[in-house]
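The values are calculated or read from the model by the stated rules, or taken from the named source; none is laboratory data. The shown structure was predicted, so the numbers you read here are calculated from the model rather than taken from an experiment. Heads up, the Cβs are rebuilt from the backbone with ideal geometry, glycines too, and the neighbour counts pull from every protein chain shown. In case anyone asks, the SASA skips ligands and DNA or RNA and just uses the protein heavy atoms, side chains included. Shrake-Rupley method; radii C 1.70, N 1.55, O 1.52, S 1.80 Å.
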Amino acid sequence: MSAHSLPDDSAVFRGVFDAYPDGVLLVDAQGRIVLANAAVTQLLGYPPSSLEGVSVDTLVPDSVAPRHAAHRSSYARAPKTRPMGTDLELMAKRADGSEVMVEIALSPLRMGRGDAAISYVVASIRGIAEYPRVKRAMRRAHYNEYLVLLGRVVVDTLDPDELLQRMPAAVREALAAESVSVMLLTPNQRELRLASYSGAQADRADLLARPNRPALAAAHVVAHGTPLIVSDFAREDRFDVPAHLREAGAMSGVAMPLIDRGKVFGVLGAWSSQLSQFGDDEVAFLEALATLLSTTLQRAQAEAQARHAQRLETVGQLTGGVAHDFNNLLMVIQGNLQMLADQPAVREDAPLRQMVAAASRAGQRGAELTDKLLTFARRQALEPEPVDPIALLHALADMLRRTLGENIRVAVHAPAACPRCLVDAVQLESALLNVAVNARDAMPRGGDLVLRCGAGQAPDDEDADSQPGALAADRGDGPAPQEWVWLSVQDNGSGMSEDVRDRAFEPFFTTKEPGRGTGLGLSTVYGFLKQSRGYVELASAPGAGTTVTMYLPALNGDDVDDGAAGAAGARVDAAVPPGLRVLLVEDDPEVRNVAETFLKSMKCKVVACASAEAALAKLGKDGKFSLLFSDIMLGAGMDGHALAQRVTTQYPDMPILLTSGYSGPQPAHSVSNVELRVPTLRKPYSREALAQAIAQCLLEYAG
């Protein structure tokens, strides 16, 4: 078209104005719309030309209207061009009251000359709701709303079953799916059973149980331990598509493994009647939900274990007290039966001898029953098994990364190979987790958590004097250093002062505010390792972080239960030297009478006392005793441990033998017993057992 045939300027302007693909508004200084092109009326749902003369505030959502007036006034005072592409996403109100996401470009326009010039603002408006990045952002925001919803369920109910039952319906709504299910592995790992469900074929949901065979979809996820996306079930060849999915019209699907401490325990899955319904955003959403569910189940399990442990502790205390008293009764019964059996009238009367023997056997069965009660009262039963420390640390690290938070960086430094140890794997993992949680609390702003393992002595502990604040908790007379397997947890948190570090293993000692800690974390770690023939070391200083190292005896092919062999090796000639002068301390008069009779039958010279205080008075008058033989539980006043401590201090060469109705180490003084090398004879004991214990005690003190 030649220049002379161009249409007039107004026609060109209007044509370009209406043909422009973005919405355009011409707004005067009072905020009224002077012109609006077709694109903007279509975007905002208005009839053609209906916006002209309308205040631009009409297009602003009510929630931001007050701020918009201030922004418009500010722009009028200093107008400047603001182009598109600034990623400033705004909302515009449509004619029907709905809102649409837009980007807006502003340009000042001045028409005319001099004082007659008029100022306008040209606003270009572009709808961006269909942009791929915006769609993704909106989709993720949509999924986050459901994550928050289900997270609130966890916080409000503290019930994993509530979350488990409500999750499928929420996920189904979020994904616009036809069906969502949670399937859990049975304990024998042979089958996947439905735990919760929402959607199509709900009337058959209780029948949805599948063999754990990789040829099936859910089992395929279990076998591989990775998310699964199916864009088109009709073209799927990795597994067999169940007939019930085809019958229901399933076209696409997605599934996520549920993982606890590195092991898959179930599957969260969904299917849709649309092709290619699920992608990376849906996988990320389901992964977050799977982590939430796994963490909630772990927490519930831990809380249940804590409640169980608390109940066991309470019942154990009651049981221990009853069993102790019962052992005193058995001591009287069995001791008198043994003395009765030595009487000539009984030895010469066969029927009477049989009755005494039967009563003795019944007493022995009572002692065995009491021993079982005391075993329960003393500690939790362990189930030791060969454990690979490298595999254990990697599995623990995976769980910690999911549970400690993104600001805690978890790393594993392990050698290529490490000896196994014979230990209760669940309790060892619990001990490491206890320490890791303490480490997290010492790093409120985040930090590094390093898990290590190895054989021999831990590198950081080779020279304890060079380490900040090294503390060993009761290493005892264990294996040589090269026979240990060690596992450590190191953080770069706030560390401990010397006073705190020295009390770290004390039960109920905590530096946390009330309600946030029981003070049992490290004390239970100590108790578990002690029971497992190991020990624990702690290195810490203010600002230098903390390292907790756990030592356990290494396992080799020759390891056997050496309890019987040790006992046999410990046996010595049970002959007690005639004339041995024994200071006997026992508060129960009948038990004291039995013990005194046993000792006199061994030709011992016995001085009997009912209390520790009376025994100390006797020693003060005449310290020439060859042996102190005392019960531990002596009623009111000083107990046997305190008496042994006093006697050891004042008469360091005097052999001491303690006795108790409790089985095994005494809860309050087991460490002291080891340090004092005081042997303990368990009630009820026979005369032969007492003779053996005295002979062994004298031999140890002589050595």
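A few notes on this one:
- Prolate/oblate/rounded call for segment 375-454, Cα gyration tensor, a/c under 1.5 rounded: oblate
- Within segment 420-452: backbone nitrogen closer than 20 Å to the Ser497 label point (7 Å, Cα to C-beta): 439, 441-444
- For a paramagnetic label modelled on Arg139 (point 7 Å from Cα along Cα→Cβ), amide N atoms under 19 Å away belong, within segment 228-260, to 228-233, 251-256.
- Near Val60, the amide H atoms lying under 5 Å from its own belong to Lys93; only residues 5 or more places off or on other chains count, and H is placed 1.01 Å from N.
- Glu178, Glu173, Glu99, ranked by accessible area, largest first (probe 1.4 Å): Glu173, Glu99, Glu178
- Exposure of Phe326 as accessible area (Å², to 10), given a probe of 1.4 Å and all protein chains: 80 Å²
- Solvent exposure, largest accessible area first (probe 1.4 Å, DNA, RNA and ligands not counted), of Met496, Met355: Met355, Met496
- Computed lengthening from Ala116 to Ala358, 0.36 nm per intervening residue step minus Cα-Cα distance: 74.4 nm
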